[in-house]
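Below is one structure; the comments refer to it alone.
The values are calculated or read from the model by the stated rules, or taken from the named source; none is laboratory data. Bear in mind that the values here come from a model prediction, so they are computed numbers and not experimental data. For neighbour counting, all protein chains shown are included, and Cβ atoms are generated from backbone atoms with ideal geometry for every residue, glycine included.
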Amino acid sequence: MEQHYPKTMIAKGLDYVPFAGLRSYDPAGTQFDIAQAHVANVREGYNETGWDQPRWINHISVRANDPSQVAEFYEKIFDLKEAETYRNDGSICMTDGKVKLLLRPRDQSLYRGLREGLDHIGFKVESVERVKEDLAVLAASDPDSAGGKLGVGGNGKKNEEDFRRCCLGLHFIADPDGVLIDMAEQ
């Protein structure tokens, strides 16, 4: 079945996806989806009362050539507000009141830090020690699902040191695909 979308959306390079209203990109090239409750093609993620969860996404870190330009985009398009400042390294922290978007400048001294886009995902957890225990159990039962190692490869140590400079995390890991994750306790 062929779908037809408004020409203005197509002209702006915005795509529709089956689980969100549309998909687009910020100035750093990071892809995002826009969804809205009570829209027919949006099925997950919405309910009336919410839920309590001991572990949740606290922040998303994005590398940008010009963090202030990306911050302006998220402020004007998604009404995010600047949150508390953590460091004087050029990072800007934006928030929707629930999740923080940490915009970090590219790091010219690191191969991994040169790229723009998703840097890592941060979680709040009830206990870092409990997460470590869960990771150990998973590693014993299914090693391929347990996550990747940090600090490997030619630039691994420098990349790990850079990752550990995130002002919002306390414990640092990678998922099985190498996506970096940091955690802090509630």
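Some observations on this one:
- Summed over the stretch 63-82, residues that are of a type in the set (Val, Ile, Thr) and farther than 11 Å from Met94 by Cα total 1.
- Screening Glu84 with (1) closer than 30 Å to Glu129 by Cα; (2) surrounded by 14 or more Cβ atoms within 10 Å (Cβ to Cβ); (3) at pLDDT below 80 gives one miss only, at (2).
- Condition broken by Gln108, with the remaining ones in (1) surrounded by fewer than 12 Cβ atoms within 10 Å (Cβ to Cβ); (2) closer than 21 Å to His171 by Cβ satisfied: (2)
- Any hit, the stretch 3-18, residues being at pLDDT 80 or above and over 21 Å from Lys124 (Cα atoms): no
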